[in-house]
Each structure stands twice: as structure tokens, then as C-alpha cells.
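The values are calculated or read from the model by the stated rules, or taken from the named source; none is laboratory data. Note that the structure is a prediction, hence the values are computed from the model and not measured. FYI the Cβ positions are ideal-geometry reconstructions off the backbone, even for glycines, and counts take in every protein chain you see.
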Amino acid sequence: MPEHDTAARNAQNPTPTEEVGAFLSRRREQIAQRWADEPLFRAVFTVSRDEAVEAGRAIADALAQVAGSGRVEDTDGSGFTPVREQLAMTAASRARAGLTTAQISREVDALRVPAVDLLVADLPQASSEHVRECATTLTALMGTLRLVVMETSLTEGQALIDRQQVQLLEVATPVIRLWDGIVAVPLIGTLDSARSQVVMETLLESVVDQQARFAILDITGVPTVDSLVAQHLMKTVAAVRLMGAECVVSGIRPAIAQTIVHLGLDLPVVTRSSLADALAYALHRLGADIVSVTPGGAGPR
């Protein structure tokens, strides 16, 4: 059979996937208009209905492109790339409104019904078997869309959690300006790798911003000091030295001192038992005198 005859016959009898792709492109405006009235779009795009319709058009175009590739169950289809961010934002908006993952999934699935209804109405001359195959194909494609929304939502949610954890670490490790040229970081809780990195970065930024000559690491609130914690401290100390400042570790309690000795750890850094002692040391090195005011007058401390 000549090739042009085969091509003509295929054009007259498209596969269900081809039919669905053509339908989505041909009826994207009607699809978008119906989707704009569904809870998923109506609740997210509240500025205007046109905004919801535009979002529906973008998703219909994405589905048409995926169908055109012939892989309606491929969640990694390139057609989804342009709308992944929008899908993530939509799902995140519904999550912030208090919906569970299952409820968001049902709202995405609700988009299938108006699309299938339009598809069936758009194929009045097709055989019932062909219509059924096309409806099944479109249902599978909408199921893939639902998976993409859930996958994108989970990825975005994890990214949000990661950002919040970093923000919490930054809040939990403030750098305090104690005096001209002296900054301090009061550490409370366990010092792990992630937190030590935040401590180092924020402390180095503060050393530069404040033009500090001394940086005090106060570990009074650190419950235990093992070899790993000591290693983190030494990396921070070394980084501060490279910035031209001297580091002092304060808050060395008797129990921590014994632990360091028993572990055979070498801390090549100035240490003090309290933050006050560390501040006094730094002030003395800067040439400042500390005096205590007593009823009988002032005298050097």
C-alpha cells in the first residue's frame, strides 16, 4: 500500500492518544472555562476569573503536549515542565487553606469529569468503542496530572521545610555585638554539622561587618562536647583566624573539661570558664580596663 494512502487512513482513524491530544488543543478554551469553576481553580485564583481561565489554558496545553508524545502515563513528560511551578503553587495554596493531600488529590481528580464530558460531546460521529478508548486515555492522562501535582507538591513542601530549618538554625545561633571589636555566639543545644556550618557562616559575616578582632564562642548551653563537637568548634576557630580575628571559647564547665581530657582532645584555642571571663580577656587585649563601682569608689577589677 502506498505511503500516502497509509497516512491518509491514519489521519481519518487517529489513535486514542492522537485524538485526545487534538481534542485538548482544539477545545482548550472550553476546557479552561469549565475548570475555572472547579474548586481547585476557583479557590486559588481569586483575583479574577480570567486568571483561573489562563491557568486552565496552560494546563490544557501541557496535557496536549504530553498526549502528543504518546506517553500519557509519563510524569516526567516534557509537557509538564512549563506548569510544574504553577501546579506546586496551586497545591501549596490549597494546603495553606487547610486541605489534606487526599483532599487536594480529589480536587485535581475533579478536573477529569468536565474534560471527559467535553470529549464525549466532541466525538458525535465516532464509534462507541473509539469514544470509550479516548475517554480511558484522557482519564489516564488526568491521573498522570494528579500524580505530577502530588509529586511537585511534596517536593515543594520538602524544600519549604528545608528553608524553615535553615531559618530556625539562624535564629537559634544569633551573633551578638558585645563591644567595639568583640562579637559572641551563645550556643545552646547540640552542635551538629548543619548547625556548625550556619554558625561559621553567620559568625564570619559578623566579623567582617563589625570589623571584630575577637569572636567568642560560648558553649555554656551545649550539653556535651565529644570529638565531633570539638571538630566543629575547631573548624570555626580556624575560619575566624583566617579572617584576622582571635577566637575565644567560653563556658568550659568542669564536666566538659573532664570529657575533653578523657577523650585526649587538643583544643589549641584560648578558653575561659564563663562568657564574662572571655569578655574581660578580650577587653584587656584591646587595652580596655574593667572597673567595678563600689560604695567607696571605683577601682580596677
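Which one of these is in contact (Cβ under 8 Å) with a residue 24 or more places away in the chain, touching a Ser or Thr at 6+ places or on another chain (Cβ under 7 Å) and among the aliphatic types (A, V, I, L, M): Ala97, Ala58, Ala88?
None of the others qualify; the one that does is Ala88.
Mind listing whichever residues of the range 30-74 are surrounded by 17 or more Cβ atoms within 10 Å (Cβ to Cβ) and either in contact with a strand residue (DSSP E or B) (Cβ under 7 Å, 6 or more places away or on another chain) or not in a helix (DSSP H, G or I) (or both)?
Ala36, Glu38, Phe45, Val72
Condition test on Val240, is it surrounded by 13 or more Cβ atoms within 10 Å (Cβ to Cβ), touching a helix residue (DSSP H, G or I) at 6+ places or on another chain (Cβ under 9 Å) and not in a strand (DSSP E or B)? Break it down into steps so the answer makes sense when it comes.
Numbers: surrounded by 13 or more Cβ atoms within 10 Å (Cβ to Cβ): yes; touching a helix residue (DSSP H, G or I) at 6+ places or on another chain (Cβ under 9 Å): yes; not in a strand (DSSP E or B): yes.
Spelling it out, Val240 is indeed surrounded by 13 or more Cβ atoms within 10 Å (Cβ to Cβ), touching a helix residue (DSSP H, G or I) at 6+ places or on another chain (Cβ under 9 Å) and not in a strand (DSSP E or B).
Table: residues versus (1) in contact with a Leu (Cβ under 9 Å, 6 or more places away or on another chain); (2) outside the structural domain of Gly21 (by TED's automatic domain parsing); (3) closer than 14 Å to Gly21 by Cβ; (4) hydrophobic (A, V, I, L, M, F, W, C).
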position	(1), (2), (3), (4)
Ala58	no, no, no, yes
Ser69	no, no, yes, no
Val72	yes, no, yes, yes
Ala97	no, no, no, yes
Thr100	no, no, no, no
Val108	yes, no, no, yes
Pro124	no, no, no, no
Met142	yes, no, yes, yes
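Give the residue, chosen from Val225, Val199, Val185, that is touching a helix residue (DSSP H, G or I) at 6+ places or on another chain (Cβ under 7 Å) and in a loop (DSSP other than H, G, I, E, B). So that I can check it myself, show each step before the final result.
Details: Val199 fails: in a loop (DSSP other than H, G, I, E, B); Val185 fails: in a loop (DSSP other than H, G, I, E, B).
None of the others qualify; the one that does is Val225.
Does Gly221 fit the bill of being within 20 Å of Thr190 (Cβ to Cβ) and exposed (fewer than 15 other Cβ atoms within 10 Å of the Cβ)? Write out each step before concluding.
Working: within 20 Å of Thr190 (Cβ to Cβ): yes; exposed (fewer than 15 other Cβ atoms within 10 Å of the Cβ): yes.
The answer is yes for Gly221.
Name the residue, out of Leu169, Leu242, Leu178, that is out of contact with any Cys (no Cβ under 8 Å at 6 or more places or on another chain), modelled with pLDDT of 85 or more and over 22 Å from Ala288 (Cα atoms).
Details: Leu169 fails: modelled with pLDDT of 85 or more; Leu178 fails: over 22 Å from Ala288 (Cα atoms).
Leu242 is the lone residue from the list that is out of contact with any Cys (no Cβ under 8 Å at 6 or more places or on another chain), modelled with pLDDT of 85 or more and over 22 Å from Ala288 (Cα atoms).
Within the range 261-278, which residues are surrounded by fewer than 18 Cβ atoms within 10 Å (Cβ to Cβ), within 18 Å of Val237 (Cβ to Cβ) and of a type in the set (A, V, I, L, M)? Write out each step before concluding.
Here is the first cut: in the range 261-278, the residues surrounded by fewer than 18 Cβ atoms within 10 Å (Cβ to Cβ) are 261-270, 273-274, 276-277.
Add one more test, that the residue is within 18 Å of Val237 (Cβ to Cβ), and what stays is 263, 265-270, 273, 277.
Leu263, Leu265, Leu267, Val269, Val270 - these are the residues of the range 261-278 that are surrounded by fewer than 18 Cβ atoms within 10 Å (Cβ to Cβ), within 18 Å of Val237 (Cβ to Cβ) and of a type in the set (A, V, I, L, M).
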